[in-house]
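One structure is given below, encoded as structure tokens.
The values are calculated or read from the model by the stated rules, or taken from the named source; none is laboratory data. Just so we're clear, the structure is a prediction, and the values are computed from it rather than from any experiment. Cβ sites come from the backbone with ideal geometry, for glycine too, and all protein chains shown count toward neighbours. In case anyone asks, the SASA skips ligands and DNA or RNA and just uses the protein heavy atoms, side chains included. Shrake-Rupley method; radii C 1.70, N 1.55, O 1.52, S 1.80 Å.
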Number of protein chains: 4
Amino acid sequence: MKLKPAPELTVSGWLNTAEPTSLADLRGRIVLLEAFQMLCPGCVSHALPQARRVAEHFTAHGVAVIGLHSVFEHHQAQGSREALAAFLHEYRIAFPVAMDAAGDGGGLPRTMAAYAMQGTPTTILIDRQGRIRRHSFGAVTDLALGAAIGALLAEGDPGPAPDGSDPAMACTPEGCPAP
Amino acid sequence: MKLKPAPELTVSGWLNTAEPTSLADLRGRIVLLEAFQMLCPGCVSHALPQARRVAEHFTAHGVAVIGLHSVFEHHQAQGSREALAAFLHEYRIAFPVAMDAAGDGGGLPRTMAAYAMQGTPTTILIDRQGRIRRHSFGAVTDLALGAAIGALLAEGDPGPAPDGSDPAMACTPEGCPAP
Amino acid sequence: MKLKPAPELTVSGWLNTAEPTSLADLRGRIVLLEAFQMLCPGCVSHALPQARRVAEHFTAHGVAVIGLHSVFEHHQAQGSREALAAFLHEYRIAFPVAMDAAGDGGGLPRTMAAYAMQGTPTTILIDRQGRIRRHSFGAVTDLALGAAIGALLAEGDPGPAPDGSDPAMACTPEGCPAP
Amino acid sequence: MKLKPAPELTVSGWLNTAEPTSLADLRGRIVLLEAFQMLCPGCVSHALPQARRVAEHFTAHGVAVIGLHSVFEHHQAQGSREALAAFLHEYRIAFPVAMDAAGDGGGLPRTMAAYAMQGTPTTILIDRQGRIRRHSFGAVTDLALGAAIGALLAEGDPGPAPDGSDPAMACTPEGCPAP
């Protein structure tokens, strides 16, 4: 099976970041791309708090968390930059959030369409080479998402040396253990 | 840093398994060893349900979950095989559980002492080569435990082939994706 | 201490009801008035689900649940009828919701000001005679809110008869017990 | 319908209290009688934490919380005073707990039989006159239990005076409001 390259984000703007970013800029890092809508209950109660936990736990270990506001309904209520900014402020969401660019003729937003997402929330994991490694619609457990992130983190890790020493254990997401 | 070999279990009996097992028998599998006491609230509310989730999610992917009943207090209440059997029955715990052998002169149970555990719950991850890779006293988040398991699973995984294909993705803990 | 009459609602519109209502119309019923904002996290995660539980449990016993959307910030994002309608639709909120009328010169919404609310969520209980019996800013436990509602329900209840029979037990919020 | 008098407790001992007590001693107070077994998961995860919340919230308002350890299975594991004492210690349960007296010939414990309980947890509310007002097997919501307690508290409450003043509001379970 071929791994698919993650399509570049097509966005109309960014919040929570001074400079626009791109997946190309993030090459070399693992990316959690969390597509949501501010009025989607499953996003608000589950996916966004989970994305925040991932950011707290893994940012220092080379994982970038990016929100993607992919509005495909209730455009008047949630389609404006002001509405999204108010939402991010009230919910204390601090990671960068991109506004997915509107589709042609009222169709799905462009990034959402490029990834063939089925709805929100959609949780996508992209590896250090920019390839899609996980793509899930709906709720994902912390155990499953943690395992997927841990597997990607381990790929960049040379693993235990033949003598049994493990340079990777010098600094794990859980801390830097004493020898 | 040298990885430490996981000391063998020293136990007085087993429940939930027809045959006694050992870490030696489990070589080649990743082992989650969950040390608990049946009257330890943090074990009952957090660590044992988490161990059950790990068993449900990862048993098919080469992870063995083993409970270790390490009684170091309230021996009269929780020290008997009958008490433990009643507890496992009522809490619907189905993975194998070993009874840690009593220490000399009322000291810590033997396996608990061999691992220098600080108390219960203690969550220990052992890799396919039988080495301790994680040792935590107290509550661990699902995200952190998932990441640690995912990293160990990935070690046995050849990783993406040079042509970009990924045989490992053919079957992940989340399922076997279509090509 | 004098009980204060509950000020009448001053609103710019209603949702989830074919006809506008008023506290005067609801005299004879106990009223739970839940003031919220659609972008207030404590309202979304705690107060509105609690109001829904109250509606499910007590509507048949003479308790009316009324939402009051009292927007005092982020007017552009949450000030429109369309935004509120989208929110109520997505969150499956079915009880009637009033839009608090805008205050003069950008001040607090009128009903919010009349009740001297400190913010959202604010949970107000009004008795069958239209008097304020409980006024709380922030999270209220189900146990405390249940007790307050139960006390008001009991007021309209003649209580056990002198012979020890209890006509009220013939039908309680928990059901109609067999004799 | 006649209200049934609550049968007196028939117990083999007490914990968490210097002196044995009885329902007769508690006349004039509302009593929450929580029947449980230390190895009953629904008791440990739901009913006992709820009973503790009731004790914290309502003890100052004339509600007595009494645990009743009604062992009808796993006698060897949970039948001893030592096992119960260890459990109460570990779970930080501070309200008085009675040990239900063993039934004849291995039948149900005596108090459990006298109340015709179906199992554990069973939550029973007894009014100030010693009559059963609520009897529930299984999980009860905080909202429903709160309402039942609030209704009983209100019975001893003279209610609003004809001039509209409410002496009872001077001190409610939620605090003593300023005039």
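What is the average number of partner chain Cβ atoms found within 10 Å of a Cβ in C:89-95? Present the calculation step by step, with values, prior to reporting the outcome.
Numbers: counts 4, 12, 4, 1, 0, 0, 0.
Partner-chain Cβ atoms within 10 Å, mean over residues of C:89-95: 3.
Peptide C:74-83 is shielded by partner chain Cβ atoms: per residue, an average of 5 of them sit within 10 Å of its Cβ.
Of all beta bridges that DSSP places with both ends in chain C, some 60 percent have antiparallel geometry. Region B:1-121 has equivalent-ellipsoid semi-axes of 21, 18, 14 Å, by the square roots of 5 times the alpha carbon gyration tensor eigenvalues, sorted largest first.
In this label model, C:Gln76 and A:Ser22 are separated by 2.8 nm, measuring between points 7 Å along each Cα→Cβ vector. Here the Gaussian network model covers chain D, with springs between Cα atoms less than 10 Å apart; of D:Ile126, D:Ile30, D:Ile93, D:Ile93 fluctuates the most. Buried on complex formation within region B:100-148 (loss of at least 40 square angstrom of accessible surface versus the isolated chain, 1.4 Å probe, ligands and nucleic acids ignored): B:Arg133, B:Asp142, B:Leu143, B:Ala147. In this simple spin-label approximation, D:Ala139 and A:Ala139 carry label points 7 Å from Cα along the Cα→Cβ vector, and these lie 1.3 nm apart. Nearest beta carbon of chain D to the D-to-A rotation axis, with distance in whole angstrom: D:Ser45, 11. With its label point defined 7 Å out from Cα along the Cα-to-Cβ axis, A:Arg27 lies at 4.4, 7.5, 8.7 nm from the matching points of the other copies, in increasing order. Report in % the part of the accessible area of chain B that belongs to carbon and sulfur, leaving out ligands and nucleic acids; probe 1.4 Å. About 55 percent, which is the carbon plus sulfur part of the accessible surface.
Ranked by the mean number of other Cβ atoms within 10 Å per residue, highest first, peptides D:74-82, B:17-25 order as D:74-82, B:17-25. Using only side-chain charges placed at the Cβ, +1 for Lys and Arg and -1 for Asp and Glu, the dipole size of region D:1-106 relative to its Cα centre rounds to 400 debye.
Label point of C:Arg131 (7 Å along Cα→beta-carbon): distances to the other copies' equivalent points are 2.6, 7.4, 7.6 nm, sorted ascending. Remark on region A:52-105: hydrodynamic radius 12.6 angstrom, per the Kirkwood mean of 1/r across alpha carbon pairs.
Enter the buried accessible area of the A/B pair, total of both sides, probe 1.4 Å, in Å² rounded to the nearest 100. Intermediate results must be reported in sequence, preceding the final value.
On the way: alone 9420 and 9440 Å², together 16260 Å².
Buried surface at the A/B interface: approximately 2600 Å².
Sorted from nearest, the other copies put their C:Pro5 label points 4.9, 7.4, 8.7 nm away, the label point being 7 Å from Cα in the direction of Cβ. Protein heavy-atom accessible surface, 1.4 Å probe, per residue over chain B: 42 Å². Could you name every residue in region B:1-43 that has 40 Å² or more less accessible surface in the full protein assembly than in its own chain alone (probe 1.4 Å, ligands and nucleic acids excluded)? Output list: B:Met1, B:Lys2, B:Leu3, B:Leu39, B:Pro41. Of the three principal axes defined by the Cα atoms of the protein assembly as shown, the extents in descending order read 87, 74, 39 Å.
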